[in-house]
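Participant: Following this message is one structure expressed as structure tokens.
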Amino acid sequence: MVGVVLGLHRLFFYFAKVRIKRIYLFKKDILWYNKIKKVLLNGGIE
């Protein structure tokens, strides 16, 4: 029984870590996309 609970906890933490990493990378991509868009709209690099 204890092993099952530990296994579930491990799974939960693994999924939480993966999700946090994915969200972090997604936000970074959005930041880069906005930077590139600004540069294109301004017609050059500041």
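Participant: Per 0.36 nm of contour for each residue apart, how much would the distance between Phe15 and Tyr33 grow if the chain were fully extended, relative to their Cα-Cα spacing?
Facilitator: On the way: separation 18, 0.36 × 18 = 6.48 nm, distance 2.66 nm.
Difference between extended and current length: 3.8 nm.
Participant: Still on this model: Could you give the angle, 0 to 90 degrees to the nearest 10, between helix 2-42's Cα long axis and the longest principal axis of the Cα atoms of the chain?
Facilitator: 0 degrees
Participant: Also, I was wondering about something else. Quick one: dipole size for the chain, taken about the Cα centre, charges +1 on Lys/Arg Cβ and -1 on Asp/Glu Cβ, in debye to the nearest 20. Mind dumping the intermediate values first?
Facilitator: Details: 10 positive and 2 negative charges, 9 e Å.
So the dipole magnitude of the chain works out to roughly 40 debye.
Read-outs: derived from the displayed coordinates by stated rules, not from any lab. Quick caveat: nothing in here was measured; it's all calculated off a predicted structure. Neighbour counts are summed over all protein chains in view; Cβ atoms, including those assigned to glycine, are modelled from backbone coordinates with ideal geometry.
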